[in-house]
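The values are calculated or read from the model by the stated rules, or taken from the named source; none is laboratory data. Source: prediction; values computed, not measured. Just so you know, the surface numbers come from the protein's heavy atoms only, side chains and all, with ligands and any DNA or RNA stripped out. Shrake-Rupley method; radii C 1.70, N 1.55, O 1.52, S 1.80 Å.
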Amino acid sequence: RVFQHWPAARGKGSFPRLAYDMIFEPRWDYKKAYPINAVINPTLTVLKGNLVKLIEHDLALNNNVVHAIYAGDVTKAAKNTEELQAIRTLAKVFTNKVEFVKFIRETQNKTVWVHTTVHSYDRLATVMKGQKKSFYFAHIDEVHHMIQPDYSTWTASLNDSACKIDVRFMSSANKRKARGNGATYSM
């Protein structure tokens, strides 16, 4: 379990992927299966940014990887239909459980990166558990949001009972000043 505090202006989105490529992926046993990884984002807007960074990374290295979005209404996150079409050319977009299950069953010989939000993670974990699948690596972005009123939703990706995650890489770009109780930061 790794937590990396990374200033927002420094481009923290690339660091978890470099760590994955250099440290965690070489340890994966490709004889048993290809890994399924996750990127868990606080919002669909952050998801789009991380998705583009990871896809550019894989295109540059010619990796045998497929990216998928399993989250809430992606059409609301896209500013217009042109942006939505651009997202759909980069990744497979799923809001339907049946279609996502079919995709997971059919994708056998490629590494899969599933992009989701903290609010959609519960649904994703339930589907993965139903398929007897787990995540090898998960980047939980903006982890400082974990202290929220809707605590159980925001911290679902820290709980292995729904869906096992072998390696969690948690990053955060912002220090938040806490109010009261003499605390300096909410971290």
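Quick notes
- Separation of the alpha carbons by more than 18 angstrom is noted, of LYS31/LYS97; LYS31/LYS133; LYS32/LYS132; LYS31/LYS110; LYS48/LYS129, for LYS31/LYS97; LYS48/LYS129.
- Heavy atoms of ASP160 accessible to a 1.4 Å probe, total area in Å² rounded to 10: 60 Å²
- Full-extension gain in nm, GLU83 to GLU56, via 0.36 nm per residue minus C-alpha separation: 8.1 nm
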